[in-house]
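Here the structure comes first, spelled out in structure tokens, and everything after it is commentary.
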Amino acid sequence: MSHRHFQDDLDKLNGSLIRMAGLAETAVKTAVEALTTRSRDIAYEVIDQDGGIDAAEMEIDDHAVNLLALQQPMARDLRLITIAMKIANDLERVGDHAVNIAETVIYMVQGAHFPVLPEIEEMARISTNMLSVALDSFIRGDAVMARTVIKRDDRVDELHANNFRILLTHMMEDPRRIGAGMDLLLVSGNLERIADLATNISEDVVYLVEGRSIKHRSADRRDREIGDAANALPSVEAAPSADRAD
Amino acid sequence: MSDAIRNPAGPIELEARDLSVLYGETRALKYVSLSIPDRKVVAFIGPSGCGKSTLLRCFNRMNDLIPDVKIEGEALFQGRNLYGAGVDAVDVRRRIGMVFQKPNPFPKSIYDNVVFGPKINGYKGDFGELVERSLRQAALWDEVKDRLQSNALALSGGQQQRLCIARALAVEPEVLLMDEPASALDPIATQKIEDLIYELKQDYTVVIVTHNMQQAARVSDHTAFLYMGEVIEYGPTNELFTNPREERTEAYITGRFG
């Protein structure tokens, strides 16, 4: 049971977080679009809107600290406020990685054309999807959905390792490709980090809903814990939330 | 003035100017100056004996009733000194109501408790309407509407306190002073009072004394921290509790003394 005006404040915090999530998700999708279409204009869009994400992080932090100091939140309310600060921080990093990708695109389009590896496109698809589903799971308070995200992270890590190997081979074969190869490797690294942050957000959602932390578990134990729940759902790409209407 | 005293902007309802209260030789309140804005909730916090209740009571001349008390300086209500010549203490107390720590309903019916003040003041309107409005404002109506003639002492402690608030509101004051209004109540009743305070500031200026810091944090817009008869710090509640300017405030709110 909480005070009426405290409940209003919590709803406001939740709303700010959902708005910030929308900004960060758009930033990543726009950066990936800039990459696949080799568009400087689209890349600049990403850079221009990053200030909005930074401002949202500060606003959420400030609001959360005030609620902690003034309302002595307990139980789920307390978990919501603490993870709001973490998710805001993660989303701010997501925005920065989107900017990094956009900056790399601006640099890349000046150089010789080097096709974007299909592996990078797959990574971009999975990472943006993980982020969308992680944010959906937060909005819906759905721990089962959050767990499906965590399971996908291994695939992204694997793709990143592949990209490293493939790009290294290209660069060794033809030193003129080193510049472009390094750029793509940076993009791959940023996408890998975005997937990690989506995983963090999902772990926080599980903590919010269930009150227990599933971070830093051994791979075996984690798979056992998330396995059943995640297998009960269709794969992430097929999930209905993959193309969010909102 | 020290930068630890940040008087709020906007219309001022109550103000203390160099206000001191002496009990015999003891100066319980020392040259206090602060202003209380219209239709906001202001909380006074501080350890026992810091002068917070003494300051509150200056604003409706409750200290007059204590022998050997001497007031220096000014306490202003809407710009007028409450202790000036020709000011009627009874009129002051009608316009500036007070609710005390322990619920103190009269040993009469719920209805009679609410109409008591208005009757004395010669209220000419509809008493039934006045009772309903006052009880609704105090968030008590739904619980007592079917038993207005029952004895008020049969109510629970929390209900009695809300009845006292209804009784204070019935005379249509402009300010409500509350001296530890929830300290004798359980957590559920306390929450009802706190929700009520939040609602009341739509129409009234509320000043609350509490030794429960969390309560001050939850309900107030501005908070004054008093210590040994002085205002150590006064400012917006969120700033005072997240980033106080005075070390003594920080020590008190973090539980390091007092």
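None of the figures in this text is laboratory data; all of them are computed from the coordinates on show. Remember, it's a predicted structure, so these values are computed and weren't measured experimentally. Reconstructed Cβ throughout: ideal geometry from the backbone, glycine too, with neighbour counts over all protein chains shown.
Using the Stokes-Einstein relation with a Kirkwood hydrodynamic radius computed over Cα pairs, the translational diffusion coefficient of segment A:104-186 at 10 °C and a viscosity of 1.306 mPa s comes to 111 µm²/s.
Based only on Cα atoms, what mean projected area does the convex hull of segment B:145-258 have, in nm²?
Working: hull surface 34.0 nm².
For segment B:145-258, averaging the hull's shadow over all directions gives 8.5 nm².
For segment B:88-222, the fraction of alpha-carbon pairs lying more than 26 Å apart is 17 percent, rounded to a whole number.
For segment B:17-120, the set of GluC sites (Glu not before Pro) satisfying both a DSSP loop assignment and a count of at most 15 other C-beta atoms within 10 Å is given as B:E25. Computed from Cα atoms, the angle from the helix A:143-173 axis to the main principal axis of chain A rounds to 20 degrees. Full extension of the chain between A:N162 and A:L68 gives 29.4 nm of extra length, using 0.36 nm per residue less the Cα-Cα distance. Size estimate for segment B:107-172 follows the Kirkwood approach: the inverse of mean 1/r over distinct Cα pairs works out to 11.4 Å.
The smallest convex shape that holds all Cα atoms of chain B, its convex hull, gives 129 Å³ per residue. Look at the stretch A:62-70: the mean tally of other chain Cβ atoms within 10 Å of its residues' Cβ atoms is 4. Ordering of A:118-124, A:211-217, B:89-95 by packing is A:118-124, B:89-95, A:211-217, highest average first (other Cβ atoms within 10 Å, averaged per residue).
In this simple spin-label model, placing a label point 7 Å from the Cα along the Cα-to-Cβ direction at both A:V116 and B:S150 gives a separation of 7.2 nm.
For chain B, the longest principal axis of the C-alpha atoms and the axis of helix B:187-200 are separated by about 80°.
Short-range pairs are left out: with C-alpha atoms under 8 Å and at least six residues apart, the relative contact order of segment A:1-139 is 36 percent. Helix A:219-231 and the longest principal axis of the C-alpha atoms of chain A enclose an angle of approximately 80°. Normalised by 2.2 N^0.38 Å, with N the number of residues, the alpha-carbon radius of gyration of segment A:1-153 equals 1.20. Where only DSSP H runs of four or more residues are counted, chain B gives -9500 deg cm²/dmol as its mean residue ellipticity at 222 nm, each run worth -39500 (n - 2.57).
So if the hydrodynamic radius of the protein assembly as shown is defined as the Kirkwood radius over C-alpha pairs, what does Stokes-Einstein give as its diffusion coefficient at 10 °C and 1.306 mPa s, in µm² per second? Walk me through the intermediate numbers first.
Details: Rh = 27.0 Å.
Stokes-Einstein gives a translational diffusion coefficient of 59 µm²/s.
Given Cα pairs under 8 Å that are at least 6 residues apart, what percent is the relative contact order of segment B:41-122?
On the way: 34 pairs, mean separation 17.9, N = 82.
Relative contact order for segment B:41-122 comes out at 22 percent.
Residue pairs exceeding 21 angstrom between C-alpha atoms, taken from A:K86/A:K215; B:K102/B:K192; B:K52/B:K192; B:K108/B:K145: B:K52/B:K192.
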